[in-house]
């Protein structure tokens, strides 16, 4: 692995770890999926059809909001939550770096084996 790729991975790992951790919960993944395909929604709307309480949904949304995957805005007495793709794009870029590292490692192994 080149030093540049190693440094990029090290720098990005810390930045992406909290996003990976937040997305490591099934409920939060479902909330992100709901928000990614719709306009901003309230906690009441997000709770509809769920066995979870409003308080539980609110806690999950807070975790997602803390890592930037979800943003909120007040409208009257309620908050509307919306999907924010930037952290997910950051994860995709990080995974591309990991894939590049593996491709380089496999290419080196192939050249050694074929030599």
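Values quoted throughout were computed directly from the atomic coordinates according to the rules given, and no laboratory measurement underlies them. Computed from a prediction, not measured in an experiment: that's the story for all the values here. Counting neighbours? That spans all protein chains shown, and the Cβs are built from the backbone with ideal geometry, glycine included.
At a glance:
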{"item": "For the chain, Kirkwood radius (reciprocal of mean inverse C-alpha pair distance, Å)", "result": "16.2"}
{"item": "Virtual spin-label span in nm between residue 74 and residue 30, 7 Å along Cα→Cβ", "result": "3.0"}
{"item": "Order of 60, 37 - criterion: other Cβ atoms within 10 Å of each residue's Cβ, fewest first", "result": "37, 60"}
{"item": "Rounded to 10°, Cα long-axis angle of helix 26-36 versus longest principal axis of the chain", "result": "80"}
{"item": "In nm, spacing of pseudo-spin labels at residue 53 and residue 98 (7 Å Cα→C-beta vector)", "result": "3.5"}
{"item": "Fewest-first ranking of 109, 97, using other Cβ atoms within 10 Å as the exposure measure", "result": "109, 97"}
